[in-house]
Amino acid sequence: MKVRGKAVIFGDSVNTDVIIPSKYLTTLDPNELAKHVMEGLDPTFYEKARGGVIIVAGKNFGCGSSREHAPIALKHAGVKCIIAKSFARIFYRNAINIGLPVVECVQILEKTDNDDELLVNLAVGEVVNLTKNLRLQASKLPNFILEIISAGGLVEHLKRRLGKNGKL
C-alpha cells in the first residue's frame, strides 16, 4: 500500500487541541470539523489539504486529549498520511481506527521541506522524498494494521470480517 502527496510541515508536540480546537466539538460532522483543522497553526491548512497532503511532523504528534475528532478532522480535510518522529499512543491508535495511515520516521523533519513530493510505502516502511531523490527508513506497519487502513478503518474492517452472517 502506497500513499503519495505534498508535504506540509509541523513541529514537535502538536496536540489534539491545536489539531481541532474544542470550540468546534459541538458537531460530529467530519466535513465541518475538517474546515477548522490546524487553523491555529496554519489558517490556510484546510485549503492546502483539500488536494491531498502528507503531514510531516516532529516528536509526540497528537499529544493531549484522546479526542477521536482530531484524526477524523485531518482525514476529512484531505490528509492522506502523517509521518512523524513519534506519536502520542492514543492518537496513533485513533488514527489507525479511522483508517488514517501514521508512520514513524526519525529523519523526516531534517530531510523534508514544505511542498516536497513524498511517496510512502506503508508495507515496507519506506518514505521516498521524490523532490530530493532521498529514501528514508520508516516504521513498517504490520499486516493487520494495513488491513484496517485498507478497509477505511476498524469498523469497516470488522464489517468485512464478520460478513453477512455476523461471524468471524
Keeping to segment 1-37, report how many residues are of a type in the set (Phe, Trp, Tyr) and closer than 17 Å to Ile90 by Cα. 0
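Does Arg89 qualify as being among the basic types (Lys, Arg), buried (at least 18 other Cβ atoms within 10 Å of the Cβ) and under 22 Å from Ile20 (Cα atoms)?
So Arg89 fails the test.
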Confirm whether Ala95 is outside any helix (DSSP H, G or I), of a type in the set (Gly, Ala, Ser) and within 20 Å of Asn143 (Cβ to Cβ). no
For segment 23-79, the count of residues that are out of contact with any helix residue (DSSP H, G or I) (no Cβ under 9 Å at 6 or more places or on another chain), more than 22 Å from Asn129 (Cβ to Cβ) and not in a loop (DSSP other than H, G, I, E, B) equals 2
Residue match in segment 54-65 (condition: in contact with a Gly (Cβ under 9 Å, 6 or more places away or on another chain), among the aromatic types (Phe, Trp, Tyr) and at pLDDT 95 or above): no
Segment 149-168 - residue that is under 17 Å from Tyr92 (Cβ atoms) and at pLDDT below 95 and, of those, surrounded by the fewest Cβ atoms within 10 Å (Cβ to Cβ): Leu154
Residues of segment 112-138 classified as buried (at least 17 other Cβ atoms within 10 Å of the Cβ) and within 16 Å of Ile55 (Cβ to Cβ), total: 9
Segment 56-84, residues that are surrounded by fewer than 19 Cβ atoms within 10 Å (Cβ to Cβ) and either under 14 Å from Leu28 (Cα atoms) or in contact with a Leu (Cβ under 8 Å, 6 or more places away or on another chain) (or both): Gly58, Glu68
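Kindly check whether there is at least one residue in segment 42-55 that is touching a Leu at 6+ places or on another chain (Cβ under 9 Å), under 27 Å from Gly125 (Cβ atoms) and charged (D, E, K, R).
no
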Based on this model, can you work out whether Val18 counts as among the hydrophobic types (A, V, I, L, M, F, W, C), part of a loop (DSSP other than H, G, I, E, B), at negative phi and under 16 Å from the mean Cα position of the chain (by Cα)? no
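The values are calculated or read from the model by the stated rules, or taken from the named source; none is laboratory data. Owing to the predicted nature of the structure, the values given are computational and were not obtained by experimental measurement. Heads up, the Cβs are rebuilt from the backbone with ideal geometry, glycines too, and the neighbour counts pull from every protein chain shown.
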